[in-house]
Structures are given as C-alpha cells and as structure tokens.
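Below is one structure, written out as structure tokens; comments come after it.
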Amino acid sequence: MPALRLATTVGTIVLAGAAMAGVALPGPALASVNAPAAAHKGILPPKNPSTSLAADPSFLSRPACSGGQDGRRCNSIVLKAITRARRVLEKMGGMSFSLAAYQKLGPDEQLFVTVNLERIERGLPPAVVLTHSLDNVAQIGANADDDPPLGQVPSRLPGGGHPSGIGGNWAGGWDNALGADYGWMYYDGPGADNGDCTKTNKSGCWGHRDNILGTCATPRSCGGGRAELAMGAGHVTKGQAYGDSETELLVGVCGPTPTDRVMSWARAKSLLHIG
C-alpha cells in the first residue's frame, strides 16, 4: 500500500493569501501534445479538487511499473492517468514535454520537472533551480522513508539568499517521479493514501498539492526584495518500507538565486522542448 507524508514550516507557506499551518502525515509511448494551459487554469490553492481520484489506468498494478521502474512504458501509463485526472478534476489537458528527453534525466531532475509542469500549466511561476544543498536535505528524508528535515535547510543559501516559506513532500511505493506526482496532486484528499486526511482530521487534506502549487515567498515576505522558488529532491529505489521513496523540498528564496544548481528551469525547458 503506497503512503504519503508531508511537512511545512508553520505559517510560512503562502497559499493565495492564506498561510498553511505545519502538519505531519504518515503514511506512462509519448507525452500529451496539448499546449500548456493559459494562466490560472485548473484549481489553485486554497481551493482543491472535490474528491481524490484513483489512477485509471491503475499504473501501480502494472508489471511495467513494479519495483520502482522508471521506463518509457511505465511513464506512458502514468501520463495517461494524469491526463485523465486533470480532465476529470480540473478540465485541463495533459502534460506537454518530450518523454524521450525526460527519460534521460535522473530521478531528482524528473521530480523538479514534474513540479514545474504542474505549476506553469496552471499559470504559476516555476521553481527556478534545483540545487545541491537542497537535494542533500531532501535525500535525508528519502533515505528514511520520511519528509525532508526542514530544520536542516541552511539559513543562508549558496549565493547569499535566505529561505522564507519551506514545504516538503514524501511518497513511498508510488514507483517513480510521475507516479509520486499523481499521488501528491490527484489522490491526496479524503479516502486516499494521505494519512493526515481522515474523517476526524482533515487538516492535511490536499497538503502535498498545496505545497506543489503554493507560493513559498513573495516580495512582501522578502521585505520588498527579490523572491523566487527553489527546489531539492531525493530518491531511493528500494526504501526501507515501501520500495520507491521520493521527496520534494520546496523553498522560497529571498535574495539571489542559489548558485549551487543541479539544473535550472531554463535548461530543463530547452532539453524537454517545453514552451
């Protein structure tokens, strides 16, 4: 049984003008050729889908996706499920990128790309960079089948910027980056695998989705200065309890863009032919 867990710093993840309190949760051939959605399509925080949607096709039960596989066949199946979920829940089209180029990326880079595809196709600004220092923190969580330890995010980032809002997502047993993205974005509400979204405690419902689509820093929260989003990611194919273990670390940065980059969004867009 897959599991999802999340963490946020209290009161610092800005969601369309609202602050999200800290919570802790236990726990597919070619990509769509649809053009990226225009600004502000889909459902944005603080609003969320009305229901969790089980994946169809059910990629978790497919041999092509078993054991944390990240091949073209598996990702083609997951992309079909994401396309259906977007259409049913948000009246959006599927993701648009070169799957052949995506397959050549490492797992951390794939997580970076999926977050930004979810953001830009809803009219949100992307995370500008994936960094070594944030990857290191995210990897600690992936190694432990747990959230990234937010307290270990450096108070001063390479390049001189400092963190504002911070959010972390973990997924276990969702096979790969696109599979984890499905869990976080489309199967995160009541009746799903989000352990802090229950009949008696709904505080964490859609929390992973809110992290991915949230605003971690604004010019206002940065004292009128520069504000942008950076990322770290972690991955373990054979985790301690669930097999595949994936983490995302989303950090609002006040000040200069971190300089210890693994990949920039500009580079990812060029490689994956993203408009």
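The values are calculated or read from the model by the stated rules, or taken from the named source; none is laboratory data. Fair warning: this is a prediction, and the values are worked out from it, not measured in the lab. As a convention, Cβ positions derive from the backbone with ideal geometry for all residues, glycine included, and neighbour counts pool all protein chains shown. These accessible areas exclude ligands, DNA and RNA; they are computed on the full protein's heavy atoms, side chains included. Shrake-Rupley method; radii C 1.70, N 1.55, O 1.52, S 1.80 Å.
With the condition kept exactly as written, say whether any residue in the stretch 147-161 is open to solvent by 10 Å² or more (accessible area, probe 1.4 Å), part of a strand (DSSP E or B) and not polar (S, T, N, Q).
Within the stretch 147-161 (the criterion being open to solvent by 10 Å² or more (accessible area, probe 1.4 Å), part of a strand (DSSP E or B) and not polar (S, T, N, Q)), the answer is no, since none of the residues qualifies.
Take the residues in the stretch 92-143 that are among the aromatic types (Phe, Trp, Tyr) and in a helix (DSSP H, G or I); name whichever of them is farthest from Asp181 (Cα to Cα).
Once the filter is applied, the top-ranked residue is Tyr102.
Inspect all residues belonging to the stretch 246-264 and state whether any of them is at positive phi and touching a Lys or Arg at 6+ places or on another chain (Cβ under 7 Å).
Checked the stretch 246-264: at least one residue is at positive phi and touching a Lys or Arg at 6+ places or on another chain (Cβ under 7 Å).
Identify, from the list Gly191, Gly204, the residue that is open to solvent by 20 Å² or more (accessible area, probe 1.4 Å) and part of a loop (DSSP other than H, G, I, E, B).
On inspection, the qualifying residue turns out to be Gly191.
Just for the stretch 44-63: of the residues that are of a type in the set (A, V, I, L, M, F, W, C) and modelled with pLDDT of 95 or more, which one is most open to solvent (accessible area, probe 1.4 Å)?
For the stretch 44-63, the residue satisfying everything is Ala54.
Would you say Glu109 is closer than 18 Å to His208 by Cβ and under 15 Å from the mean Cα position of the chain (by Cα)?
no
List every residue pair whose Cβ atoms sit under 7 Å apart, with the two residues 6 or more apart in sequence or on different chains, where the first one lies in the stretch 145-164 and is within 17 Å of Thr218 (Cα to Cα) and the second, anywhere, is among the basic types (Lys, Arg) and modelled with pLDDT of 95 or more.
Matching pairs, first to second residue: His162/Arg156.
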